[in-house]
Each structure stands twice: as C-alpha cells, then as structure tokens.
Amino acid sequence: MSETLKVKQALTGNEAFAFAMKQINPDVVAAYPITPATEIVQIFSKYVADGEVDTEFVAVESEHSAMSACIGAATAGARVMTGTSSQGLALMHEVLYIASALRLPIVLAEVNRALSAPINIHCDHSDTMGSRDSGWIQIYCENANEGYHSLIQAVKIAETINLPVMVTLDGFIISHGMEVVETLETDVVRQYLGKRKPLYNVLDYENPIMVGPLDLTDYYFEHKRQQIEAMKKAKDVIEEVITDYNKRFGFDFPVFAEAYRMEDAEYAILSMSSAAGTMKEAVDVMREKGEKVGLVRLKVFRPFPYEVLQEFFKNVKAIGVMDRSDSVSTMGGPVFNEVRSALYDLDTRPRIMNFVFGLGGRDFPLSDALYIVNRVKELKEGKTLDFVEYVGVRE
Amino acid sequence: MADSFSLSLKELARRNKSLAPGHRACAGCPFPAVVRMTLSASDYPVVVANATGCMEVTTSIFPFGAWPVPWIHNAFENAAATISGVEAAYKALVRKGVVPADKKIKFIAFGGDGGTYDIGLQSLSGAAERGHNFLYILYDNEGYMNTGIQRSSSTPYGASTTTSPAGKVLHGKLQHKKPIVDIMAAHGIPYAAQASVSHWNDYVKKVRKALSIEGPTFIAVYSPCVPGWGYPENKSIEVAKIAVESGFWPLYEVENGYYKINYRPRNPVPIEEFLKSQARFAHLLNYPEAIEELKRFIQERWKFLEFMEKRREIDGVTENV
Ligand SMILES: Cc1ncc(C[n+]2csc(CCOP(=O)(O)OP(=O)(O)O)c2C)c(N)n1
C-alpha cells in the first residue's frame, strides 16, 4: 500500500473526466461540445479561463477539426486530449485512423451515446463500436471513479506504446450521475505522468521529417503490419501500467476484465460498462438461490483480450453476451461476435447467445438482468434458444 | 506597393529552398515553382501542412519525400485544422519552456482549390476565425485534378471537366467561381491576397508580407494545370499570364480590410485569347452567349474591386496599413 493521500469527492462522470484532465494539464486540448459530453469541454474551458491549467485550448468548429488539430498538435510533440460522444465521434471517424496510424498518443474522454437516426441523446455503445477498427485502444469503465483513474492511466498507456486511447463512460447514467470518486493529488498525477517523449517532432526543423506521406502498394501493408504489432504489444503495456498504478497508489482496478463470482460458475454473463453493476446484483440474487452463475465485465475492448476470456470461460457451459449496440448484420452485436470467435477453440466450448439491450438509453432494470440470467440457465440446461434476443423492447 | 518585402531574383535563386528533384508532379506543372518561391521567400524556418491533392501525392510517395522542411499531411479537408493544432502546440510548448522562445517558427498550409473552396472551407474558416498564426496558401488550378479533373467551386463558368462535361445540351460548368479571397478577407483576417505564379515578384512580396504579420493570412496563387486545362506543357506560365492580362485573374490584396489592386493590365488581352489557349474552353467558342456571360462576370468583379479600393481614398489611407 502506498502512502499517497487520496481525496474523496462527489463528482459526476463528466466532472471526474474534466478533473482528471485538469490534473493531467495537457499541452493542447481541441474539443467541440456534444450532449452528454458537453460538460467536459465547458468545465475544462473554465479551468483554462481561471488559469488552473496552462493548456492551449482550441475551441474548434467541429469534431473533425478537433481530432485534426489534436493530430497536428501531437505531431509537434504536445500531450494532447479531447472529449466527445456519438455523432461527434462519428464525425471524427476519418481522422481517428490517421491518429492511430501516425502513432500519436492522443487521449479521448468519450461519453457513450446512440447514433442517429432517429436522433437520441442517451446511452448505447453504437458510437464507439463504430470506431472499433480504427486502431484506438478502447477502455470501457463501469463508473465515474474508474473513468477518472482510467483517463490518467490512458495517458501513460498511450505514451508508452504510442497509440491513441479512448476511455468511455455511459452517457447520462454515469456522465450525469453523482458518485464518490477517490481522486489523487494533482502533484502526484503530474509526477506520475512526467513529460511526454515523442517518437518524432515536426517542430524540429533542423531535422525535417515528412509525416503522413503517400504509401502505394509497395509499403502500405508493411506499415499497417507494424501498427498491428504495436496493438499486440499494447496488451503488455496495459497490464504493466494498470498493475503498477494499483501498486503505487493502492487500488485494485482490473486490467482487461473483472471476474465476479466466477470461481465455480457453471454459466456466466459477459457485460460491459454500467450495466455490469445491475448484472452483479442479478448474479447475487441467483447465487442466493444456489445458482452457480458468474459475471465477467469486459473492460478493454481494443486490443481484444481473447486470451483472458478463454481463461475465464474455459470451465463454463453457457454464456450470455450482452451488447448495447447491434451491428445490423442479422447475427447480433459486435461484442457477441468477438467473444464467440475467441472461445471457438476451447476444448470445452460453451454454448453462447447474445442479448441486445438498452438501445437509445432504454432502461435496464434488475428484472431484465434476472431474465437474462434465467435464459442463460436454460441454455446451459440444453434448451434451444434464439441466437440473439432483444431485451426490453416492445415487439 | 512598398518594396520592403521585395526580394531580388538573384537573392531568391541564392536561397533556393526547393522540392528535391524527382518529385512526381506532371511535366510543366507550376506548383513546384510555387513551393520553391514560398520556401525561398521565408526568412524563418517553416513547418508545412499539406491537404490531400496533387501537391501532396506527387511530393510524398514513400520513401521518396521531396520536402526540405518539416511537413505533415493529415487528410483532404483539414490542412487548416491540422496547422491550427501544430501552432497551438508550439504556443503551449514555448509557454511551458519546452521549445525555446527565441526559436521563431512560421506555419504554412498548402491546399488545392477543392481542399480550400469546397470540402476544406469549414476548417479554414474556423481556423481563421480563431486567429491562429499561420499562412494558408491556396494553389488554384480550378479543379480536382488529383482525382482526374472534376469541377470544383473554383472551376470557371463554361469550362468542361469530367463532372461538368460539355455535351449536347450543356456547355460545361454552369456556375461562376467563388470569390475565395473576398470570403477570406470577410473573416476580418489581417491579410488576404490574390497572386499568380506568372508574376513571381508580386507573389514573393505577398508571401513575405503575409509571413511578417501575426495572425491568419491567406494567399490564392493561380496555378494552371497542363492535363486539366489542355495546353502544351511548356505554356503554364504563359497561360497564367494571359489570365492576369485578360483581367480574368486580378492581382490584388486586402490588408486589414483595405483593398488594393496590385496590377492593372495596360493593354488588356481579350478574354477569347485566354479561352483559346486551353482545351477545356474549346467548345465555348461556339457559344457566344456563354462568352458574353463570362465577360459580364469579369467586368462585375473589376467593378467590385475598384469600388472596394475606394475605401482607401475615403479613409485617407495612402500607404500599407
Ligand atoms: C474526404 C475525401 N473525399 C474525397 C477524396 C478524394 N480526393 C483526393 S484529392 C481530391 C481532389 C483534390 O483537388 P484539389 O484540392 O483541387 O487539389 P488538386 O488535386 O487539384 O491539386 C479528391 C476529390 C479524399 N481524399 N477525401
């Protein structure tokens, strides 16, 4: 246990993100407001106005320009952050790929919200799942406290492996809900992060380099291959950083995924983000009844920690995978497809089905969580069920 | 024009900051000359952002980069946002003592007309409004040349392109050019100018003036396109010159809101000479009404510029402001 002084504060998810950004004191923040992430930009602007950070704040005219300016600033060696949600992330889509391929450690505070149409401001994961192949590390947090610490860890992870990281919190559910957050002291955060050591720097005019040139058929593949290799290595880096952070500051944040009552589980649920809280309660209720059920909360979605999931699930007979978005492929959501693929080679391959829930902020009550556990129990018992079920929708 | 920004041809040649030989621009393309004049004109180290387009693809084919200065290409529509980020980082890092304050660096973005008048206009407008310290140089070849000669909002009325082809019922592009320099000047930026690759002295002065000013500055430089316009590859500078001499592309500048026409053709060349010099207008010679419409537009533009120039007299501004 470390001696670090921790301060308990009542913060919303957005406040926790903004507070972490203040302590990080990035060199450049370029951002554009969007519900439910707007407050991050507003609160941070006030820090700038009050001189609490010495960040160059660029209030751009769109999210596309926000990410473009972040890319420019990061190539100049700056520590760079932004925040967005939903349509904002979608508008960044083109440039997200450029940020990761140029190996720029940009950190994005992302608040999950449904994508249009129909326009909806509430939580689901269709926004970040839409950028899952953009080469960004993706960390999904259960609550504001984890969001705060993950954002600080994200800077370390990003700058160690030179890849961008987005840290996500569920819109409104977490972004606007008040919680107790155990924060570090500002000095401690700044000392922990130190200064960024860039891979390259376009301000070094005595040693000019060209960033982002044209790659034809003869080089593109090799450069992509290197980027993929970096993402593989990111797994070690994420593990090292979070383990070290826990040790240094006395926490026990999970690295890739959190196992809840999985020790002797015969069947299990895989869930992400805030829904995992409700799901844990459902697991407790069923355990009271003597059911051997457990939960795995997946926290890192990119890189996809399939080795960890194989280990967690090697002894279970059935799994229900929860998706807060649908890939509209007619075979379920993105988390489901990747989990199924990850477990295909297990000697004792479990039966797996998908539950799509909570689209557009639809409430996820305990009764729905219990329904899901009971369906997976039926699956374990050999009953034939649909591949994908939509929970909480009027059909 | 006051001459403090002039540079002799000898001095310009001596500085010779140029693209490396072997870049892949088409034979006769004038934008390498634009780059050479720009980099040689600067008294400061520069960092360049380049929008997607001919200039970018022909000078950066990995592993043969042609630029002698730090250069970044991000995407098509975001050169201005990208340079905003670089400039913001520079400011922050100087403030934090990471970059020494005495290392003065200038920031330049280059974009084609597509990346400037059209898809990139939002990002350019945003960057100008925020007041970043950078010079944006538009090399205007009046079309999306990199993707194979499609119309842009800079393509002149009547020109035939692959997306505004001259056909049985249409005579090429149906709309006039956007007045991009006026649009940029209307942002209230300290300096916006129109120049041509054919008038090197005027262009170099404008670059030097723009770089001497703090804040966003903008120069549109006329840069003909051999395959896109259809003329022999040794005629680029000549074609650009006819555009200026016929009054089609006036050379002017807007300094703190004050317009100034930098050059008045003494014996204006008829616009027909400009049209005849290029294949993209070949069909137009059968459409006298279209030529009349083009003439009307050109006259209208000159009337506008001359009217705007009067503000100097009214306010008693005689010199540079
Ligand atoms: C978002 C996007 N849309 C389309 C393109 C394809 N594209 C690349 S360059 C270009 C045209 C460039 O035209 P311009 O800016 O006038 O420069 P030029 O090539 O004529 O020098 C287009 C359409 C792209 N790269 N990105």
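Report, to the nearest 10°, how far helix B:79-95 tilts away from the longest principal axis of the Cα atoms in chain B, using its own Cα long axis and a range of 0 to 90°. That helix lies at roughly 20 degrees to the long axis.
Model label points for residue A:345 and residue A:307, set 7 angstrom from Cα along the Cα-to-Cβ axis, are 1.2 nm apart.
Its relative contact order, with pairs defined as Cα atoms under 8 Å and 6+ residues apart, puts chain A at 17 percent. Rounded, prolate or oblate: which fits the range A:50-195, taking a ≥ b ≥ c as square roots of the Cα gyration tensor eigenvalues, rounded meaning a/c under 1.5, else prolate when a/b beats b/c? Oblate, since a/c reaches 1.5 and b/c is not below a/b.
Applying 1/(1 + (r/R0)^6) with r as the Cβ-Cβ distance of residue B:287 and residue B:175 and R0 = 22 angstrom yields a FRET efficiency of 0.90. Based on the Kirkwood approach, the hydrodynamic radius assigned to the protein assembly as shown is 27.9 Å, with every pair of different Cα atoms included. Taking square-rooted eigenvalues a ≥ b ≥ c of the alpha carbon gyration tensor, is the range A:113-231 rounded, prolate or oblate, where a/c under 1.5 means rounded and, failing that, a/b exceeding b/c means prolate? Judged from the Cα gyration tensor, the range A:113-231 comes out oblate (a/c at least 1.5, b/c at or above a/b). Mind checking the angle between helix A:366-380 and chain A's longest principal axis? C-alpha axes, 0 to 90 degrees, to the nearest 10. Taking Cα atoms only, the helix is inclined about 60 degrees. Cβ-Cβ distance of residue B:317 and residue A:233, R₀ of 60 Å, FRET efficiency by 1/(1 + (r/R0)^6): the value works out to about 0.45. Remark: for residue pairs B:17/B:310; A:195/A:280; A:156/B:104; A:22/A:197; B:17/B:103, the C-alpha separation exceeds 29 Å in B:17/B:310; A:195/A:280; A:156/B:104. A Förster radius of 45 Å combined with the Cβ-Cβ distance from residue A:329 to residue A:8 puts the calculated FRET efficiency at roughly 0.55. By the Cα gyration tensor, the range B:38-110 has an equivalent ellipsoid whose semi-axes, rounded to whole angstrom, run 23, 14, 10 from largest to smallest.
Can you tell me the length gained on complete extension of the stretch residue A:374 to residue A:225, counting 0.36 nm per residue apart and subtracting the Cα distance?
Extending this stretch completely gives an extra 49.3 nm.
Which one, A:40, A:305, A:265, is farthest towards the positive end of the dipole of chain A when Lys and Arg carry +1 and Asp and Glu -1 on their Cβ? Value: A:265.
In this structure, the amide hydrogen of residue A:112, modeled 1.01 Å from its nitrogen in the peptide plane, lies closer than 5 angstrom to those of A:169, A:170, A:171, counting only residues at least 5 positions away or on a different chain.
With a cap of 11 neighbouring Cβ atoms within 10 Å, and only residues DSSP puts in a loop, list the trypsin sites (Lys or Arg not before Pro) found in the range A:182-223.
In loop regions of the range A:182-223 (DSSP not H, G, I, E or B), there are no sparsely surrounded trypsin sites (Lys or Arg not before Pro).
Among the residues of A:51-57, the average count of other protein chain beta-carbon atoms within 10 Å of the residue beta-carbon is 3. Select from B:130, B:280, B:36 the residue whose mean-square fluctuation is largest in a Gaussian network model of chain B (Cα-Cα springs shorter than 10 Å). Highest fluctuation among the options: B:130. Counting, for every residue in B:61-68, the Cβ atoms of other protein chains within 10 Å of its Cβ and taking the mean gives 5. A cut-off of 5 Å between modelled amide H atoms, ignoring neighbours fewer than 5 places along the same chain, links residue A:255 with no other residue.
Put a dot 7 Å past the Cα of residue A:49, heading toward its Cβ, do the same for residue A:190, and the two dots end up 2.3 nm apart. Here's how it looks for residue A:179: its modeled amide H is under 5 Å from those of A:11, A:12, which are all 5 or more places away or on a different chain. Taking all Cα-Cα distances within the range A:13-132, those exceeding 23 Å account for 24%. When the charge dipole of chain A is built from unit charges on Cβ atoms (+1 for Lys and Arg, -1 for Asp and Glu) and taken about the Cα centre, the candidate among A:119, A:167, A:275 whose Cα reaches farthest toward its positive end is A:275. Taking θ as phi - 60° and the Karplus parameters 6.51, -1.76 and 1.60, the scalar couplings of the range B:239-244 work out to 4, 4, 5, 5, 4, 6 Hz in sequence order, x denoting glycine and proline. Modelled label positions at residue A:287 and residue B:201, each set 7 Å beyond Cα in the direction of Cβ, lie 8.7 nm from each other.
For the residues of B:92-100, the average number of beta carbons from a partner chain within 10 Å of their own beta carbon is 6. Between B:288, B:302, B:277, the Cα set farthest toward the positive side of the dipole of the range B:258-321 (charges on each charged residue's Cβ, about the Cα centre) is that of B:277.
Using only helices, what value at 222 nm comes out for chain A when you add -39,500 (n - 2.57) per DSSP H run of length 4 or more and divide by the total residues, to the nearest 500 deg cm²/dmol? Display every interim value, and only then the final one.
Values: 12 runs with 161 residues, N = 395.
It comes out at -13000 deg cm²/dmol, rounded to the nearest 500.
Of A:148, A:97, the sequence from fewest to most neighbouring Cβ atoms within 10 angstrom is A:97, A:148. Once you have a ≥ b ≥ c as the square roots of the Cα gyration tensor eigenvalues for the range A:271-395, tell me rounded if a/c is under 1.5, and otherwise prolate or oblate according to whether a/b is larger than b/c. Rounded, since a/c falls under 1.5.
Sorting A:170, B:182, A:27, A:236 by the number of Cβ atoms found within 10 Å of their own Cβ, with the fewest placed first, yields A:236, B:182, A:27, A:170. What angle, in degrees between 0 and 90 and rounded to the nearest 10, separates the Cα long axis of helix B:288-315 from the longest principal axis of the Cα atoms of chain B? Result, in degrees: 40.
Cut-off 20 Å, label point 7 angstrom out along Cα-to-Cβ of residue B:238: give me the residues of the range B:169-202 whose amide nitrogen falls inside. Within reach of a label on residue B:238: B:196-200. Arranged from fewest to most other beta-carbon atoms within 10 Å of their beta carbon, A:286, A:166 become A:286, A:166.
A simple rule links phi to the HN-Hα coupling: the Karplus curve 6.51 cos²θ - 1.76 cosθ + 1.60 with θ = phi - 60°, which for the range A:171-178 gives x, 6, 3, 9, 4, 10, x, 8 Hz, with x for Gly and Pro.
Every number in this text was worked out from the coordinates using simple rules, so none of it is lab data. Note that this is a predicted model, so its numbers are computed, not measured. Glycine also receives a Cβ, built like all others from the backbone with ideal geometry; neighbour counts cover every protein chain displayed.
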